[in-house]
1. Out of segment 89-126, which residues are over 48 Å from the mean Cα position of the chain (by Cα) and exposed (fewer than 15 other Cβ atoms within 10 Å of the Cβ)?
2. Given the criteria closer than 19 Å to residue 150 by Cα, surrounded by fewer than 20 Cβ atoms within 10 Å (Cβ to Cβ) and free of Cβ contacts under 8 Å to residues at least 24 places away in the same chain, does residue 80 qualify?
3. Among (1) among the aliphatic types (A, V, I, L, M); (2) closer than 28 Å to residue 62 by Cβ; (3) modelled with pLDDT of 80 or more, which single condition is residue 167 missing?
4. Looking at segment 56-77 only, could you name the residues that are of a type in the set (Ser, Thr, Tyr) and surrounded by 21 or more Cβ atoms within 10 Å (Cβ to Cβ)?
5. List the helices (runs of 4 or more DSSP H) that sit entirely inside segment 49-149 and contain at least 2 residues that are of a type in the set (D, E, K, R) and on the phi < 0 side of the Ramachandran plot.
6. Return the residues of segment 244-262 that are within 17 Å of residue 233 (Cβ to Cβ) and not charged (D, E, K, R); say none if nothing qualifies.
7. Looking only at residues that are outside any helix (DSSP H, G or I) and of a type in the set (S, T, N, Q) in segment 273-308, which one is farthest from the chain's Cα centre (by Cα)?
8. Only one of 207, 211 is touching a Lys or Arg at 6+ places or on another chain (Cβ under 7 Å) and modelled with pLDDT of 80 or more; which?
Amino acid sequence: MKMNPFQRRQDGATQTDQGEDESFYDGPWFNLIYLAFLFLPLQRMQSEGWLATALAIAAFLPLHFGSFYATGPRLWLCSALIFLLGVALFPYNPFAHTLFIYAGFPAIRASMREAAAMIVITTVASFAYLSWHDLGGAYYGVLSAILLGVGFGTLGARAGRASRRTIAQKDEEIERLAQLAERERIARDLHDLLGHTLSLIAIKAELSHKLVATEPARASSEMQEVAEVARSALSEVRQAIVGLRSVGLLDATQAADTMLRAAGLKTELAIASLPSLSPASEHALAQAVLEASTNIVRHAGASKARIAVAINASQLVLQVEDDGRSQRDIVPGNGLAGMRERLLAVGGQLDWSMLQPGTCLRASVPLATAS
């Protein structure tokens, strides 16, 4: 015998108790072909040998099918009875040790410890029986090679499959978490994008409504800008949904300045020469300046605003200041929470302080991350 009667293909189906499909070659029927070894000594078997072999096979079959998916006491009982069948058949058939091999190989649902113990115990019991009857080393050599070599090889293959299943499950979990994080990122981006854009559209629409009676030409111009902003926002939303949107810091600063001026604020920009930024760092700062300017328009009641980007020691620092109401009890909402999460992801930080009057929001990223 050259292979394990219970050996299963590694590239095919495997154990049903572990959630995998089982093929015909893994099941109990295919393994019965190894009973053919009991008929190898055809010329040396007398009629009683044939009868004893037939009876042994008849008794073996229900034990085989009963133990194939068994575990615990039932498995051990079936294995012991199969071994005893081999012992009873040996006086009539010199290849009866085939049944010893069936008795020793692990069942599909046996635990690793249980299967290993069964292999070792069957090997020792076979050695004791064969030595007692002085059947020679050839019997035991072949039997122990199959039981120990192929048997533990089968357990190793089983452990490998279990390890691959575990890795696959972990990969699925990582992919699920990555998808969840991506959905959260897109949700933050949509919140920031739509919050800024819709605020700008609302401001320009209100301005157009006020000017339509007195300055219709300017009102028409403002409405044209509203249409352009809406079209641009639609394009950006589509890109954000598929995760392709990447807002540049200078573009975001310009957009924030436009919105603040459209809301009637005087603005000041102080932008230093910027290093080459990583996409994640630039995106985090760009969203921060957009969200901060939106908050000024919505909540601050300010007349002036200042946006500054500078290099301070080992950090790239963005500051957005206004002269509106000092919001001493700021409760971080979705916008500020999204800002903070993006900055923390690139090693940065977000904080704010009260001015007299007004508020200063400060976002920074390390130059080692930004460069």
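The values are calculated or read from the model by the stated rules, or taken from the named source; none is laboratory data. What you see is a predicted model, and the numbers here were worked out from it, not measured in a lab. Here Cβ is always computed from backbone atoms with ideal geometry, including for glycine, and neighbour counts include all displayed protein chains.
1. 91
2. Details: closer than 19 Å to residue 150 by Cα: no; surrounded by fewer than 20 Cβ atoms within 10 Å (Cβ to Cβ): yes; free of Cβ contacts under 8 Å to residues at least 24 places away in the same chain: yes.
Criteria not met by residue 80.
3. (2)
4. Residues of segment 56-77 that are of a type in the set (Ser, Thr, Tyr), as a first pass: 67, 69, 71.
The answer is 67, and nothing else.
5. Details: elements: 73-89, 97-104, 112-132, 137-144.
Output list reads 112-132.
6. Our first condition is that a residue be within 17 Å of residue 233 (Cβ to Cβ); within segment 244-262, this holds for 244-248, 251-252, 254-256, 258-259, 262.
The answer is 244, 246, 247, 248, 252, 254, 255, 256, 258, 259, 262.
7. Quick first cut of segment 273-308, residues outside any helix (DSSP H, G or I) only: 273-278, 301-308.
Keeping just the survivors that are of a type in the set (S, T, N, Q) gives 273, 276, 278, 303.
Values: 273: 41, 276: 32, 278: 26, 303: 49 Å.
Among them, the one singled out is 303.
8. On the way: 207 fails: touching a Lys or Arg at 6+ places or on another chain (Cβ under 7 Å).
Just a single option satisfies the conditions, and that option is 211.
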